[in-house]
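This is the structure I want to talk about, given as structure tokens.
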4 protein chains.
Amino acid sequence: METPIKVIISGPRGRMGKEAVKMVSNNENFQLVGVVDRINEGKKLSEVDNEFNNIDCLVYTDIKHCIKDTQPDCLVELSVPQAAFEHIKTALAYNVRPVVGTTGLNQEELDELETIANDGNIGCIIAPNFAIGAVLMMKFSQMAAKYFQDIEIIEMHHDQKLDAPSGTAIKTAQLIEEVRAPKKQGHPDEIEKMPGARGADMSGMHIHSVRLPGLIAHQTVMLGGQGETLTIRHDSYNRTSFMTGVKLSIETVMKLDRFVYGLENILD
Amino acid sequence: METPIKVIISGPRGRMGKEAVKMVSNNENFQLVGVVDRINEGKKLSEVDNEFNNIDCLVYTDIKHCIKDTQPDCLVELSVPQAAFEHIKTALAYNVRPVVGTTGLNQEELDELETIANDGNIGCIIAPNFAIGAVLMMKFSQMAAKYFQDIEIIEMHHDQKLDAPSGTAIKTAQLIEEVRAPKKQGHPDEIEKMPGARGADMSGMHIHSVRLPGLIAHQTVMLGGQGETLTIRHDSYNRTSFMTGVKLSIETVMKLDRFVYGLENILD
Amino acid sequence: METPIKVIISGPRGRMGKEAVKMVSNNENFQLVGVVDRINEGKKLSEVDNEFNNIDCLVYTDIKHCIKDTQPDCLVELSVPQAAFEHIKTALAYNVRPVVGTTGLNQEELDELETIANDGNIGCIIAPNFAIGAVLMMKFSQMAAKYFQDIEIIEMHHDQKLDAPSGTAIKTAQLIEEVRAPKKQGHPDEIEKMPGARGADMSGMHIHSVRLPGLIAHQTVMLGGQGETLTIRHDSYNRTSFMTGVKLSIETVMKLDRFVYGLENILD
Amino acid sequence: METPIKVIISGPRGRMGKEAVKMVSNNENFQLVGVVDRINEGKKLSEVDNEFNNIDCLVYTDIKHCIKDTQPDCLVELSVPQAAFEHIKTALAYNVRPVVGTTGLNQEELDELETIANDGNIGCIIAPNFAIGAVLMMKFSQMAAKYFQDIEIIEMHHDQKLDAPSGTAIKTAQLIEEVRAPKKQGHPDEIEKMPGARGADMSGMHIHSVRLPGLIAHQTVMLGGQGETLTIRHDSYNRTSFMTGVKLSIETVMKLDRFVYGLENILD
């Protein structure tokens, strides 16, 4: 067996942080050697929250201290944007490879991190969306749109969602727009007998937003051609779905020697 | 084995008629004893169209003549409305039970046929839609709507369809309206960022019309409740799908002693 | 507005009990007037668990005491079988209508409760499965099987499920067996090139069990006829899905004057 | 507008050939300049079959003659393997680029054609399966399998299909095997209470074959990860679905300077 990758996690008490602590602890290819938090200096993680029982690594409030003590290979950064930028810079300075899920870094900060990572030939992954399934759904839809120009997106969410269409549906359509010329779909003389029946129009693609109690977060992209349809569907059942992406990013960042933004850019 | 039901078919050269001739000929519980047509008096059916090879029953242009010669139990009436009314009346007069797929009879004619059939205690089925699957989809949606008031209808058709939503989608919603009080669905403060995203609104239900090349005729009714969804879907792949309904109607009409309008009223 | 139905709940700290407490408290047609528990006599429910904050009804360890104090219309019984039988008998004796989700009552006990309820003309509902969506899926599948004899069941669960097929899939097939004669499906000379491809066989129906991480509990019943398919699907996303059934049962039991076993028997 | 690509079609009376004739004739970027057939030398295509009315190009029985007369850019070869090999060689000799759907060429023949095309820097595409949707489904499944190792394939066909699983399902699993290490899926102690419930096993993946009247040809590949599933589905509704692939191949072969085997290798 290979030597496990030594990981520190920043932001261990947040929603993503908690899941990341559990995932890294339970994966035999990883070793959780410390966590960085705003409080609880010197405590064991198992003393901080009983979700963490049996996880004995130490809490540090200073990331430099943490890095010097634990000699990690990788920083998983999941804290707030105000702290994240300095954490990532510090990690890079010590040749620790960052995997960053914190959103809210501005373009200037991102540019600076890119320069540091690329100049130092150090892997660094910043991903606003770690849900691999959703990223693949968008990627495949874009790829298929080169061959099937008639596309309908049906996104389905719980009925407490405020906005329609969902951000993912719009992003999917934008990615498709990059490869597909605008095209009016359907019969040229199509009549919408009830307004809205044909959904929202985006460069001729149609987007339909379904809202029902019971549903969680689902999206179907249908592409039609002569005599056939191709359908790509993602179902997100709960908030742990981004963990597959965090795991992949830790493994990948160790082989990288440059800055990468967006999970889609580390997927083959 | 039981004695087969003796059947005559009116309108054998039409689209539905051709399929009915083949279905009745190939079903061992039925015996095709004659057909009624506007032309081809005295010919064998096999001489009329080579789709009918090996089907040797005679063509009659006069329904009385046909009935007297063949002594049928059942008339399957699939010709034009102008001829159908007299055919059905004649059949009832001779105690031959009609199964009618012809659309276009007016209310006065329907009322008269109902009176004749009920007064004579003779079974008579008139069904504008013989597709059992579609009828069951609508019936189940209506039944389920008593328990799940949040409903979204997604109908999907080929991209040469002119109108949206489809007639079946509207009829489904109307049937649901009979048992469900109007209800605004979704978040009370829902924002449609792109017009049409939430589909057409019918008493608070939402209807979405998908159009793609490749598709044929499909409808999904989704009902949501706390922590669960129930989905009822009908896929129609080709125009022979109504044959299951014709077959059922022939079997059922033989046990009926009254007039029935609509396939849904002979389904349990 | 009508006077709310006064409800007491037995077993408020169990998994179903907690959800029932919240549902009854939040429904304006119901009034939670007391709970029956093994412990915590005299406490307010809000003192027992902080999930129950703001729910101020009292905890009773004796059901007679609870009934005399609170004058309820309905008992929702969700405790263990050892306690449930006496609770239900006591409720019936005081003309309080039971809605029972406790499983494990034996046939003798069920028979005795049926006699008491029917002799006294008191409504009583005992339901081993309160998930309306699942019950409707089974009911609709059975209804449709009269018209479509070719049936395939695909049940899909998380990959920690031990048994395949699921109990619901087997029960669905059993209900269909009541109305469908055994029939070998597929091509008569069908060849299974890889064993198991065609799934499990039950009177000629085929059952397929899909297991994947991510999935929760889902079942699709597909019925095929000439040129069409009818699909009925139930998705259970979490354990609160039975609450729709508890709510319906409380409303229904108030109008009943007899014993009913099984949610399917109160659905139209 | 660009000059249209001049196309000749070999095998115009076959099932694929007829569709190809119509597609090429109706596409403004293509010009059908001749067809090669075993019979009907010198006739107009419109005289051969009334499906071809208004298509006036000539029928040639000799491909050399056809090429010299019509100066085509591309040969679409859809005839029998016995004739196809010589046709393709002749086309390459005259610098006409072949798009070949004929199956049954042997490895020696394929190798020889590859050498001729590559040596001459002439584009040549040989594709046993022109259904782009099916090819993309397989490609995406393989790509996604790198990230989601738990995979179930559900293929669904009409009930007159003899073999289970389908060739496409097996090919999909083989492509996934190239990128996924064998893995036993499901609960380690899983119990199959009814044999076959868990489907066929291929390196730990499960394959389920559904057969129902009404269905045509459909396949769903489901991949599961923590809290999410990704589903890729292809529906083939009729036999014209390969035309999108033929069209793409004609466009692509004009830009190629080498031999390509398999549609997947011209898709990005």
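Among (1) within 30 Å of D:Lys183 (Cβ to Cβ); (2) among the polar types (S, T, N, Q); (3) more than 7 Å from chain D (Cβ to nearest Cβ), there is one condition C:Gln160 misses while meeting the rest; what is its number?
Unmet for C:Gln160, out of (1) within 30 Å of D:Lys183 (Cβ to Cβ); (2) among the polar types (S, T, N, Q); (3) more than 7 Å from chain D (Cβ to nearest Cβ): (3).
Another one. Can you name every residue in the range C:205-222 that is within 25 Å of the chain's Cα centre (by Cα), more than 7 Å from chain D (Cβ to nearest Cβ), under 20 Å from D:Ala164 (Cβ atoms) and of a type outside the set (Ser, Thr, Tyr)?
Listed by number, the list holds a single entry, C:Val221.
Taking only the range A:221-235 into account, find how many residues are surrounded by 22 or more Cβ atoms within 10 Å (Cβ to Cβ) and either of a type in the set (Asp, Glu) or touching a residue at least 60 places away in the same chain (Cβ under 8 Å) (or both).
So the answer is 10.
Looking at D:Ser166, D:Ser141 in this structure, which one is under 25 Å from A:Glu264 (Cα atoms) and not assigned by TED's automatic domain parsing to the domain that holds D:Pro81?
D:Ser141
Could you tell me which residue of the range C:130-160 is surrounded by the fewest Cβ atoms within 10 Å (Cβ to Cβ), considering only residues that are β-branched (Val, Ile, Thr) and in a helix (DSSP H, G or I)?
Among those residues, the one meeting the criterion is C:Val135.
I want to confirm something. Restricting to the range C:234-257 and keeping residues that are of a type in the set (A, V, I, L, M) and touching a Lys or Arg at 6+ places or on another chain (Cβ under 8 Å), which single residue is nearest to C:Thr102 (Cα to Cα)? Lay out the reasoning, then the answer.
Within the range C:234-257, the first condition is being of a type in the set (A, V, I, L, M), and the residues that meet it are C:243, C:246, C:248, C:250, C:253-254, C:256.
Of the ones still in play, those that are also touching a Lys or Arg at 6+ places or on another chain (Cβ under 8 Å) are C:253-254, C:256.
Numbers: C:Val253: 16, C:Met254: 19, C:Leu256: 20 Å.
Checked the range C:234-257; the qualifying residue nearest to C:Thr102 (Cα to Cα) is C:Val253.
Can you list residue pairs whose Cβ atoms sit under 8 Å apart, with the first residue in the range D:112-141 being within 14 Å of another protein chain (Cβ to nearest Cβ) and farther than 30 Å from A:Asp150 by Cβ and the second being modelled with pLDDT under 95 and part of a helix (DSSP H, G or I)? Count only pairs 6 or more apart in sequence or on different chains.
Cβ pairs passing all conditions: none.
If you take just the strands (runs of 3 or more DSSP E) that sit entirely in the range C:15-129, which of them hold at least 3 residues that are more than 20 Å from C:Asn265 (Cα to Cα)?
C:30-36
Answer yes or no: is there a residue in the range D:245-254 that is in a helix (DSSP H, G or I), within 7 Å of another protein chain (Cβ to nearest Cβ) and surrounded by fewer than 21 Cβ atoms within 10 Å (Cβ to Cβ).
Taking every residue of the range D:245-254 in turn, at least one turns out to be in a helix (DSSP H, G or I), within 7 Å of another protein chain (Cβ to nearest Cβ) and surrounded by fewer than 21 Cβ atoms within 10 Å (Cβ to Cβ).
Would you check which residues across the range A:144-182 are under 19 Å from D:Ile232 (Cβ atoms) and either among the β-branched types (Val, Ile, Thr) or free of Cβ contacts under 8 Å to residues at least 24 places away in the same chain (or both) and list them?
A:Ile151, A:Ile153, A:Ile154, A:Thr168, A:Thr172, A:Ile176, A:Val179
Can you go through A:Glu47, A:Glu19, A:Glu41, A:Glu86 and tell me which one is touching a residue at least 24 places away in the same chain (Cβ under 8 Å) and of a type outside the set (Lys, Arg)? Please lay out each step first, then the result.
Working: A:Glu47 fails: touching a residue at least 24 places away in the same chain (Cβ under 8 Å); A:Glu41 fails: touching a residue at least 24 places away in the same chain (Cβ under 8 Å); A:Glu86 fails: touching a residue at least 24 places away in the same chain (Cβ under 8 Å).
Going through A:Glu47, A:Glu19, A:Glu41, A:Glu86 in turn, the sole match is A:Glu19.
Something else about it: Can A:Ile191 be described as at the interface with chain B (Cβ under 8 Å from one of its Cβ atoms), among the β-branched types (Val, Ile, Thr) and surrounded by fewer than 21 Cβ atoms within 10 Å (Cβ to Cβ)?
yes
Taking B:Ala164 as the residue in question, decide whether it is buried (at least 24 other Cβ atoms within 10 Å of the Cβ) and either at pLDDT below 95 or farther than 22 Å from B:Leu230 by Cα (or both).
yes
Criterion first (modelled with pLDDT of 95 or more, in contact with a helix residue (DSSP H, G or I) (Cβ under 7 Å, 6 or more places away or on another chain) and within 20 Å of D:Thr244 (Cβ to Cβ)) does A:Gln142 satisfy it?
Against the criterion (modelled with pLDDT of 95 or more, in contact with a helix residue (DSSP H, G or I) (Cβ under 7 Å, 6 or more places away or on another chain) and within 20 Å of D:Thr244 (Cβ to Cβ)), A:Gln142 qualifies.
Of the residues that sit in the range C:22-38 and are surrounded by 19 or more Cβ atoms within 10 Å (Cβ to Cβ) and touching a residue at least 60 places away in the same chain (Cβ under 8 Å), which one is farthest from the chain's Cα centre (by Cα)?
C:Phe30
Tell me, which residue of the range C:111-129 that is surrounded by 19 or more Cβ atoms within 10 Å (Cβ to Cβ) and of a type in the set (Val, Ile, Thr) is farthest from B:Phe242 (Cα to Cα)?
C:Ile122
The values are calculated or read from the model by the stated rules, or taken from the named source; none is laboratory data. None of these values were measured; they are calculated from a predicted model. Ideal geometry is used to build each Cβ from the backbone, glycine not excepted, and the neighbour counts take in all protein chains shown.
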